[in-house]
Amino acid sequence: MNIAVGDKLPNVTFKEKTAEGPVEVTTEQLFKGKRVVLFAVPGAFTPTCSLNHLPGYLENRDAILARGVDDIAVVAVNDLHVMGAWATHSGGMGKIHFLSDWNAAFTRAIGMEIDLSAGTLGIRSKRYSMLVKDGVVKALNVEESPGQATASGAAAMLEQL
């Protein structure tokens with residue numbers, strides 16, 4: 001299944017490393033009754049993700065929240081510890097959710113997996129952003145190339161809010 005505008009997100013459990021330690025976060029907990037911006041990256045600490053995509057959302061966090069968004073989350077097919085280290089290193093801990101889709105369950109369930117084995121990354125997520133309201137996709141922006149963060153970037157999302 002490829003997720004589309006109007007679709008309800010599947011029930012999946014992510015892992016998140018918080019200041020208090022590891023926690024499980026379900027899609028229901030994250031999205032129920034809320035308006036959430038979710039963006040996905042092929043990998044934590046990878047160049048485009050760390051130098052362009054994530055910084056845009058951190059820099060525009062307050063502007064996004066001011067437009068009626070309740071929460072912002074980034075998801076990647078990385079383990080809990082890598083996502084936690086990325087949150088800490090980027091200064092994003094406690095500002096946005098850094099969700100580990102360690103086994104690609106969410107990514108596969110919404111049809112956003114991509115095989116980046118040629119670049120030694122294996123199965124990862126396509127780069128995208130979405131606006132989700134009460135678990136339903138209201139806007140979806142998928143990048144043509146995993147090395148680009150334009151259509152799915154914070155500036156593009158701000159224009160949609």
With no solvent term and unit scatterers on the alpha-carbon positions of segment 71-110, Debye gives log₁₀ I(q)/I(0) at q = 0.33 Å⁻¹ of -1.07
Reduced to Cα centres, the span from segment 48-80 to segment 1-36 in Å works out to 14
For Thr13 the rounded accessible area (nearest 10 Å², probe 1.4 Å, non-protein molecules ignored) is 50
Mean accessible area per residue over segment 1-120 (1.4 angstrom probe, all protein chains present, square angstrom) is 47
For the chain, the accessible surface attributable to carbon and sulfur atoms (probe 1.4 angstrom, ligands and nucleic acids excluded) amounts in percent to 51
The aspartates and glutamates whose Cα lies under 13 Å from the Cα of Lys17, excluding any fewer than 8 residues away in the same chain, are Asp79, Asp101
Across segment 20-161, qualifying lysine pairs (alpha carbons under 15 Å, at least 8 places apart or different chains) come out at 4
Measure of exposure for Lys8: accessible area at 1.4 Å probe, Å² rounded to 10, is 130
Whole-Hz Karplus couplings 3J(HN,Hα) for segment 64-71, θ = phi - 60° and coefficients 6.51, -1.76, 1.60, Gly and Pro as x, run 5, 5, 5, 9, x, 8, 7, 7
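The values are calculated or read from the model by the stated rules, or taken from the named source; none is laboratory data. Just so it is clear, the structure is predicted and the values come from calculations on it, not from any experiment. Ligands, DNA and RNA are stripped out before the accessible areas are found, and what is left, the full protein with its side chains, is counted by its heavy atoms. Shrake-Rupley method; radii C 1.70, N 1.55, O 1.52, S 1.80 Å.
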